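The values are calculated or read from the model by the stated rules, or taken from the named source; none is laboratory data. Computed from a predicted model, the values in this text were never measured in an experiment. With ideal geometry, Cβ positions are generated from the backbone for all residues, glycine too; neighbour counts draw on all protein chains shown. Heavy atoms of the whole protein, side chains included, go into the accessibility calculation; ligands, DNA and RNA do not. Shrake-Rupley method; radii C 1.70, N 1.55, O 1.52, S 1.80 Å.
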Amino acid sequence: MGSNAKAAGTGDTLAATVVITHRVRDGKQDEYERWMNDIGPLCRSSPGNLDWQVIRPIPGLSSTYTVIVRFDTIEHLRAWTESPVRSQLIERVTPLLAGGDDFFIRSGLDFWFAPTDARARLPARWRQGLVTWSVIYPLVLGVPMVVSPALRLVGIPDHRLLTTLVVTATIVMLMVYVIMPRYTKLVKRWLFA
């Protein structure tokens, strides 16, 4: 994985996320952006890649780029992070960086509960389960009441499997992108008590 990698998670078959931070030297942002244009398509086309998000620095306030990459399995993630192609690209970008190629890997649901400091402990599993259930329960009750009529409204016939597919996809997207990032911050004190 490289000397700057920190890994956490349970098992090697869970989906995995890597958070990469690069602090770019002053005046090197354009070169770094060109490098991102090279590495991005290669990463996105690697086996098991699900998503690639870049959070760019705020000009004048920060010089740190954060890249969040999701893979379907930790094996696919490790295959990418340990690949000769990525190693060559990291070697090429290193002179542009004020720090190293720092990244942190999370697998499964732990990513929702992980504090920003990679060395911090995770909350107890029973607390993670309770928080997750407390979000899923109302979503399972409410989302079908909205999605089913919306599907009928746009002319999609009432088909149980199709409706279930759209309902579950909506619940997962709400969990991952909207609710859990905010909710875990809200209950952070209790989670880590």
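Miscellaneous remarks
- Among the conditions (1) modelled with pLDDT of 85 or more; (2) within 13 Å of the chain's Cα centre (by Cα), the only one that F113 does not satisfy is (1).
- Hits in the range 150-163 - residues which are open to solvent by 70 Å² or more (accessible area, probe 1.4 Å) and not aliphatic (A, V, I, L, M): R152, P157, D158, H159, R160
- Filter pass, M173 being part of a helix (DSSP H, G or I), modelled with pLDDT under 90 and surrounded by 14 or more Cβ atoms within 10 Å (Cβ to Cβ): no
- Restricting P181, P157, P144 to those that are at negative phi, at pLDDT below 85 and either of a type outside the set (D, E) or not in a helix (DSSP H, G or I) (or both) reduces the list to P181.
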